[in-house]
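The structure appears right after this line, and notes come after that.
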Amino acid sequence: MFVHALKQIGRFSFEILSSMGRALRLLSSALIRRPDHRNIPLIIGQVYQLGVLSILIIVCSGFAIGAVLALQGYTQLVRVGSESALGLGVALVLVMEIGPVVSALLFAGRAGSAVTAEIGLMKATEQLASMEMIGVDPIARIIAPRFWGGFIVLPLLALMFSVVGVWAGSLVAVDWLGVYSGSFWSVMEQGVDFFDHVMKGIIKSIVFGFVVIWISLYQGYDSLPTSEGLSTATTNTVVFSSVWILVLDFFLTLMMFEL
Amino acid sequence: MQSLKIEVLVGVFLLISLLCLGFLAVKVSGFSLGKSNDRYLLYSHFEQVGGLTVRSKVAISGVEIGQVLAIEYDQETMNARVTLEIDSSISNMPSDSTASILTEGLLGSKYISISLGAEDQTLSEGDEIFDTQSAVILEELIGKFLIEQF
C-alpha cells in the first residue's frame, strides 16, 4: 500500500518533469533557428489572426472596465471631496495592473485556446506528421510564426486596452459625473510617470505574452490525438494561462515594487 | 487579394497600437524628452520642508514654472537645501524674491510658491533664493493652539 502510494507520487513527478522538458524543448527549437525572411508573411498572418481579430473584445472590455473604475472610484472619492484624483486612480490602475492582466486573460481565452485547438487538430489529423514526411519542418512553419505573432501582439493589445479604459473613464467622470476635466487630466499627468508606471505595465504584458503563447503552443503540440485529448488541451491552455498570469503578476509587481 | 487585405489590417493594427503608446506617454504620463535642456537651477535653504517631494511643482501666482529637482540636508547651514529647476522662459525674477512652501488645498500635496521681489538684479543659473518660508506643519500648529488654550 505504502509502496503503491510512493509509486504514484514518483510517476506524477516524473510526468510533470518530462512535460516541462518537452515544453522547454519545443520553445528552444522554435526560438533557436536562423531568421528566415520567408517566415515574415507567416508571422504577419498570425498577427492578423491573434491580434487584429482580438481588437474588438479588447476594446469592448477595456471600455467597460474603464467606465466601471471611474464610477466606483467616484462614489468613494466624492465622499472626501477629492474626485479630482479620479483620473490618476483610473489611469494608474489601468496602466499598471488591469490593462496587462485582463488583456492577457482575454488573450488566453480568445487567441490562446484557438492556437491550441488548431495545432491539436493538426496533430490529430496527422498534418504535422505528413509535413515532416514531405520535408517541411512543422516547428519552423507552424510553431515559430505563432510564437512570434503572439509575443508581438499582446503588449500592443494591452496598450490599446489601457488607452480605451482611460478614455472611457474620462467619458464617465468628465462628461457624465461632471468632474472638472482640467483636474482630471492634469492630476493624471502629474501622478503617472512614463518609466515608473507605463513601462512597468509594458514589461508585464511582454512577460504575459511570452507565457500565454508558450503554454498554448505546448498544449496543442503535446495533446493526445483524440477528441478528448483536444478538449483537455484547450481547457488546460485557458486554466494554466490564467493561473500563471495571476501568479506572475504578483511576483512581477513584487520585483518592480522598489525599482 | 486576401493577403493584401491582411497585410493592410496588420499595418493599421500596429499603427493604432503605436498611437496608443504615444497617448499613454504624452497625455497620461506627461512624458517629454529634452525637458531639462531649457531649464536652469536655483537653490534655497528651508528650516522645514515637511512633505515637499522631488518633482513637486514650483509656481508663481499659482502658475507652474518648474519643479523640485532635489532635496538634501546641508551640513554647513544645518537645514534642508532644495534644488529648483525653473523653465528658462521665466528669466526676470528679482533676486530678492521669496520662496515659501505651501499646501494645495487642505489635504493636497506641498509645492513651492515664489513671491516676486522688487530688486533690479534678476536670478540666474546657480543663484540662491535667500528669503524662504518653511512648510507649516499641521501637528505643530495644533500643538501651539492647544498650549495657548490651557
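The values are calculated or read from the model by the stated rules, or taken from the named source; none is laboratory data. Just so it is clear, the structure is predicted and the values come from calculations on it, not from any experiment. Methodologically, a virtual Cβ is constructed for each residue, glycine included, from the backbone with ideal geometry; neighbour enumeration extends over all protein chains shown.
Report yes if A:Val90 is touching a residue at least 12 places away in the same chain (Cβ under 8 Å), under 21 Å from A:Leu252 (Cα atoms), in contact with a helix residue (DSSP H, G or I) (Cβ under 9 Å, 6 or more places away or on another chain) and within 13 Å of chain B (Cβ to nearest Cβ), otherwise no. Give the steps one after another, and end with the answer.
On the way: touching a residue at least 12 places away in the same chain (Cβ under 8 Å): yes; under 21 Å from A:Leu252 (Cα atoms): yes; in contact with a helix residue (DSSP H, G or I) (Cβ under 9 Å, 6 or more places away or on another chain): yes; within 13 Å of chain B (Cβ to nearest Cβ): yes.
Yes: the conditions hold for A:Val90.
Counting only strands (runs of 3 or more DSSP E) that sit wholly inside segment B:1-101, those with at least 2 residues that are facing chain A (nearest Cβ under 10 Å) are B:63-74. Of all the listed residues (A:Leu77, A:Leu71, A:Leu56, A:Leu88), the sole one being under 21 Å from A:Ile213 (Cβ atoms), assigned to a helix (DSSP H, G or I) and of a type in the set (A, V, I, L, M) is A:Leu56. Taking the criterion of being under 20 Å from B:Gly51 (Cβ atoms) and exposed (fewer than 12 other Cβ atoms within 10 Å of the Cβ), the residues of segment B:79-120 that qualify are B:Gly105, B:Leu106, B:Leu107. Listed by first and then second residue, the pairs with beta-carbon distance under 8 Å, at least 6 apart or on different chains, first residue in segment A:185-202 and over 18 Å from A:Asp249 (Cα atoms), second among the polar types (S, T, N, Q), are A:Trp185/A:Ser170; A:Val187/A:Ser84; A:Glu189/B:Ser29; A:Val192/B:Ser29; A:Asp193/B:Ser29; A:Phe194/B:Ser29. Residues that are over 19 Å from A:Ser162 (Cα atoms), modelled with pLDDT under 95 and surrounded by fewer than 20 Cβ atoms within 10 Å (Cβ to Cβ) occur at least once in segment A:212-224.
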